[in-house]
Amino acid sequence: MKKKIEQAIKPFGKERGNLIPILQAVQDNNRYISEDAISKIADKLKISEHEIYGVATFYTQFRFTKPGDHMVKVCLGTACHVRGGAQILDRTEKTLNILPGETTLDSAFSLERVVCIGCCALAPVMVVDDKIYPQVNSSDVGKIIAKHRSRHKKE
Amino acid sequence: MLTIDGKEVDFKEGATVLDVAKNNGIYIPTLCTHSGLLPFGACRLCLVRIENMRGFPPACTTPAAKGMKIITNDLELNDLRKNVLELILSEHPHSCIICDQKELCEKYNLSPTKAGRVTGCTFCPNRDHCELKKVAEYLGIKEIRFPFTYKNFPLEREDPFFDRDYNLCILCGRCVRVCQETRGIGAISFINRGHDTKIGTAFGKSHLDGGCQFCGACVDACPTGALSARGSKWPGVPDKVTTTTCALCSVGCSLKLETKWDKIMAVRPDAEGPANQGQACVRGRFSIPALVNGANRLKYPLIRQNNRLVPVTWDEAAELAAVKLGKYLPRETAFLASPFLTNEAAYLLQKFARVCLCTNNIDTASFFSGPVIESQIKCSGMGAGAGTIEDIAKSGWIIIIGDDLLASHPVLTVKVNQARKQGAAVSLIGSERDINSRLVDICVSVEPSGYFPLISGILKIIVEKGGFDKNFVTGQCNDFDKLKNSLKKINIKTIAGTCGIAQDLIEKLTSTILASGRGSILYGPKILECDDPGQIIGLLFNILLLAGSPSGIVPLRDEANSQGVGDMGALPNFLPGYQHIADKDSLAVFENSWSAKLPNKPGLSYPDILDAAIKGSIKALYVTGGGIPREISLKQLDFLALHDIYPSPLFETADIVFPAAAFTEEDGTITSLERRVQPLYAGANPAGMSMPDWKIICMIAEKMNVKGFEFSSASEVFDEICKVNPLISGHGIWDLKLKGKFTLTPVEKTARPKRSILYEKPLWHYRGVDLTEKVSDIKILREKIFGGQDVQGSP
Ligand code: SF4
Ligand code: SF4
Ligand code: SF4
Ligand code: SF4
Ligand code: FES
């Protein structure tokens, strides 16, 4: 993991303007921005870790906890919202016992709330990894999660 | 020229509209602006009207321009500002601001209530200093027309020194900016965005884990009660405020002592302080009350009777000291001047030693003092560094060598940071742990044994590349050829090998000097671990001379008045003003003004006094606060007298203990590392029956029936100092009179001289009192930052 971070940081120069591209590269390589990554970037750019964290948290694209092996996304874009996306999210939160942005204790799932994934016709949608589940209703949530959980165990 | 509120005024290039208003006595309410910080434009309170500009531009970020017509106040602007402030207050506990019983409440509620959470000004530790409250009063806020939100952040009280209640935070960013811009630390930041924005640290770390230095700059910058010093937030309005000088290190920050019930309750940095301009550090800002108010401060003179120290009157103690001291031969007597004594006390102590006891066995109790003074005299003719704190801020390059600057002289890092922002390259020679690596550009990590080869290498490159200031060197420096010849044998590659560093690092460091003219060199006590510290100082001085200016060298002595105590002649070989004791004319002058016959042979130095006391050839020792390393036993002594503020391990052997006043309890002067003579003013009376050191000395002299010690105040002593010491004529930086020719020091490998061992000492101390022992939060901090380890040097 350390290697991955270093690899991601290496190509960039020491100029402050590289902060966002470096953060993006680290997230691409390592899936999230760890404490370790921030302190490495801090050493390189000579900016404090707090300043970097501050900048990074300003953008919603960055994640600061290690994501689970499977990413569960629930859409709350306008179309999904009016068709009950909020209830889907609520049910997912309860099923996984985490809030959006968090990861389950066994690191199997992370939950994210997204705003439109571009298939409004299928609303409300839920996405697990790359699989899109259209027209979900609350009672489906448990089944979908269970399916992925059993698959996860087999892996 | 521009017009502001109908008045035609001039303005300086680069001024903002706010600056112009201020300079012309026009008040515009502001919250996010703070002196010394760049304009930020976050609070929107300073909105003004400018002809031909759309909307209402903020005065703080709008540059003044020729022909502008500015209106700073009218009904509409006032309404607008009220609206802005009401919005801010809708997320800030404001019950007291809009309460119609406010005035009575403030009058009779003398200090803030120690409620768990602040729900209004009556409960707020900041209520006597609050800018938010003042602005609300100015704008006449009577109601808040928006629904109130309490952000419900948890109170943050886990860190040492100060508490944080971000429910009071208005997100003005002053704390973040002062920490980043001014201090160069960046321990806090804006976290998240939009409605979730708050001030915090990466991953919600504690300040202790996040690298905060607890300098308190953020607390002082905060316009609200969000940040508050824990130890001193409840006493309410102080009875009096006294501006004095910090005596905890040699930077010489001006501080404001807040006194209540004759106790120092709080301390804030003085914005007008010539050395610190409103900055301070964890010691000056947070630890003074605990340091000086300890319950076991010495309150009575003590003398040894039946092998116990028992309290007696001043009269008895002074009488006994006079009788005892009179019994010994001059060569059996010695005095150690604490480098924390005031100039007045140090002056009288050496006068006492020389006049009353006819001995030159007096020295400053610091290992860094002797070698530093000696080589400084060689270089610049006087026992002082040749740089000022402002020089540091204006340097084109800076070298810090042999010191953990951030821990030892935190406010100097502010100046280093200032220079760096204007393009100065900052190099650190020492260990990487020595400083936050973000504060330097080049870090050469070598042990003190590598300083000599490294500096020789730097000199070689400068001389060979020919990038030095030829005019200055030929015109004002002697011995250039000697230096050049001595550099011939040196090989950069070998040096790099010896020091274990890359050759191009030495070249890179040197190129910063060659590139940018005037610089500063700050050297610290670790050079004492070199074979020949005196030569190292000479070689460092060479670098400055080659760069074309003799000024810019600053010794980083820890103790607050090590400069002044030396200036006052508390040295074995110098009279006040660095006049050599063997110089007949100088001696005659002093014999004349003191009406006494003076000893004319140099006395023992500090390390020699310690050795002699251990061996027993010194029989009577007079110690004025610290200076005796813990490992040393003074059992051989016949007589030991102490000035102390707290009980110390020496109490086992002491025959007389005089309780001394702390620096917050006496008037006088001390002299900072930039030779700035600054006043001390008492913020409280001396604890118990303790007395300022100078008075104690006078009392004993009187008992010995010696004339010349009849002073009724410290300022009378200072008057005499000004008369006899040609360097000192009043407050302010004394003139080094740097002119004439300077001598370059050749590079010579010297054998390790016989030298006393260096003793461990606490890094942060005052007169031998370890701050970690008196201030519990300092202990927590020290253990965190330094893993509890101490640096080497004198106690
Ligand atoms: S921060 Fe100021 S306005 Fe707010 S409660 Fe405290 S004193 Fe009152
Ligand atoms: S105390 Fe000093 S270092 Fe710590 S956050 Fe405040 S300004 Fe920064
Ligand atoms: S804590 Fe104080 S200084 Fe910092 S942003 Fe909040 S109100 Fe401003
Ligand atoms: S830097 Fe030195 S003088 Fe200034 S507050 Fe700190 S200890 Fe006192
Ligand atoms: S003072 Fe101008 S926006 Fe805050």
Could you list, in sequence order, all residues of region A:44-83 that are within 14 Å of chain B (Cβ to nearest Cβ) and of a type in the set (Lys, Arg)? A:Lys44, A:Lys46, A:Arg63, A:Lys66
Against the conditions (1) touching a Leu at 6+ places or on another chain (Cβ under 9 Å); (2) away from chain A (no Cβ under 14 Å), where does B:Ile442 fall short? Just the number, please. (2)
What pairs come out if I take residues in region A:137-155 that are within 14 Å of A:Leu111 (Cβ to Cβ) and pair them with residues that are among the hydrophobic types (A, V, I, L, M, F, W, C) whose C-beta lies under 7 Å away, six or more apart or interchain? A:Val141/A:Ile88; A:Ile144/A:Met126; A:Ile144/A:Val128; A:Ile145/A:Leu96; A:His148/A:Val128; A:Arg149/A:Ala108
Pick out the one residue from B:Leu104, B:Leu85, B:Leu155 that is under 30 Å from B:Ser776 (Cβ atoms) and either without any contact (Cβ under 8 Å) to a residue 40 or more places away in the chain or out of contact with any Asp or Glu (no Cβ under 9 Å at 6 or more places or on another chain) (or both). B:Leu155
Go through (1) within 16 Å of ligand 1 (Cβ to nearest atom); (2) crowded, with 23+ Cβ neighbours inside 10 Å; (3) not β-branched (Val, Ile, Thr) and name the single condition B:Cys253 misses. (1)
Conditions (1) over 30 Å from B:Thr750 (Cα atoms); (2) modelled with pLDDT of 90 or more -> B:Leu439 fails only (2)
Test for A:Leu105: is it away from chain B (no Cβ under 14 Å) and within 15 Å of the chain's Cα centre (by Cα): no
Spot the failing condition for B:Val565; the list is (1) at positive phi; (2) modelled with pLDDT of 95 or more, and only one is missed. (1)
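Yes/no matrix, rows are residues, columns are (1) closer than 19 Å to B:Leu168 by Cα; (2) touching a Cys at 6+ places or on another chain (Cβ under 8 Å); (3) buried (at least 20 other Cβ atoms within 10 Å of the Cβ); (4) not assigned by TED's automatic domain parsing to the domain that holds B:Pro29:
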| residue | (1), (2), (3), (4) |
| --- | --- |
| B:Glu103 | no, no, no, no |
| B:Thr113 | yes, no, no, no |
| B:Thr122 | yes, yes, no, yes |
| B:Lys133 | yes, yes, yes, yes |
For region A:87-113, enumerate the residues that are surrounded by fewer than 19 Cβ atoms within 10 Å (Cβ to Cβ) and in contact with a Pro (Cβ under 9 Å, 6 or more places away or on another chain). A:Gln87, A:Glu93, A:Ser107, A:Glu112, A:Arg113
Can B:Ala136 be described as within 14 Å of chain A (Cβ to nearest Cβ) and either touching a helix residue (DSSP H, G or I) at 6+ places or on another chain (Cβ under 9 Å) or modelled with pLDDT of 95 or more (or both)? no
Right, B:Ser549: assigned to a loop (DSSP other than H, G, I, E, B), among the hydroxyl-bearing types (Ser, Thr, Tyr) and under 27 Å from the mean Cα position of the chain (by Cα) or not? yes
Only one of B:Pro274, B:Pro289, B:Pro238, B:Pro223 is in contact (Cβ under 8 Å) with a residue 12 or more places away in the chain, closer than 30 Å to B:Thr413 by Cβ and within 16 Å of ligand 5 (Cβ to nearest atom), namely B:Pro223
State all residues of region B:481-521 that are at pLDDT 90 or above and among the hydroxyl-bearing types (Ser, Thr, Tyr); if no residue qualifies, say none. B:Ser486, B:Thr494, B:Thr510, B:Ser511, B:Thr512, B:Ser520
Among B:Glu344, B:Glu332, B:Glu319, the single one that is buried (at least 24 other Cβ atoms within 10 Å of the Cβ), modelled with pLDDT of 95 or more and of a type in the set (D, E, K, R) is B:Glu344
Mind checking whether some residue in region B:290-299 is surrounded by 17 or more Cβ atoms within 10 Å (Cβ to Cβ) and over 21 Å from B:Ser232 (Cβ atoms)? yes
B:Phe190: passes all of (1) modelled with pLDDT under 95; (2) within 7 Å of chain A (Cβ to nearest Cβ) but (1)
Candidates B:Leu781, B:Leu727 - the one that is at pLDDT 90 or above, buried (at least 18 other Cβ atoms within 10 Å of the Cβ) and under 22 Å from B:Ala365 (Cβ atoms): B:Leu727
Which helices (runs of 4 or more DSSP H) sit wholly inside region B:1-113 and have at least 2 residues that are within 14 Å of ligand 5 (Cβ to nearest atom) and in contact with a strand residue (DSSP E or B) (Cβ under 7 Å, 6 or more places away or on another chain)? B:17-23, B:75-89
Taking the options B:Gly524, B:Gly534, name whichever one is modelled with pLDDT under 90 and small (Gly, Ala, Ser). B:Gly534
Residue, surrounded by the fewest Cβ atoms within 10 Å (Cβ to Cβ), within region B:459-498, restricted to residues that are among the aliphatic types (A, V, I, L, M) and out of contact with any Asp or Glu (no Cβ under 9 Å at 6 or more places or on another chain): B:Ile490
The residue from B:Glu131, B:Glu181, B:Glu156 that alone is under 17 Å from A:Tyr53 (Cβ atoms) and at pLDDT 90 or above is B:Glu156
Considering only region B:224-250, state which residues are farther than 18 Å from B:Glu272 by Cβ, within 16 Å of ligand 4 (Cβ to nearest atom) and crowded, with 24+ Cβ neighbours inside 10 Å. B:Ala247, B:Leu248, B:Cys249, B:Ser250
Only one residue in B:Gly55, B:Gly25 is modelled with pLDDT under 95, more than 19 Å from B:Lys142 (Cα to Cα) and of a type outside the set (Asp, Glu). Which one? B:Gly55
With a cut-off of at least 1 residues that are hydrophobic (A, V, I, L, M, F, W, C), within 14 Å of ligand 1 (Cβ to nearest atom) and in the same structural domain as B:Tyr108 (by TED's automatic domain parsing), name the strands (runs of 3 or more DSSP E) lying wholly within region B:146-237. none
Which listed residue, of B:Thr62, B:Thr122, is more than 15 Å from ligand 1 (Cβ to nearest atom) and within 39 Å of the chain's Cα centre (by Cα): B:Thr62
Regarding region B:700-720, can at least one residue be identified that is touching an Asp or Glu at 6+ places or on another chain (Cβ under 8 Å), among the basic types (Lys, Arg) and either buried (at least 24 other Cβ atoms within 10 Å of the Cβ) or modelled with pLDDT of 95 or more (or both)? yes
Tally the residues that are under 25 Å from B:Gln418 (Cα atoms) and among the basic types (Lys, Arg), restricting the search to region B:19-63. 1
Restricting region B:197-222 to residues that are farther than 17 Å from B:Cys253 by Cα and charged (D, E, K, R), the residue that is nearest to the other protein chains (Cβ to nearest Cβ): B:Lys205
Note: among B:Thr149, B:Thr122, just one is more than 14 Å from every other protein chain (Cβ to nearest Cβ) and at pLDDT below 90, namely B:Thr122
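The values are calculated or read from the model by the stated rules, or taken from the named source; none is laboratory data. Quick caveat, the model's predicted, so the values are computed rather than measured. Cβ atoms come from the backbone with ideal geometry, glycine included; neighbour counts cover every protein chain shown.
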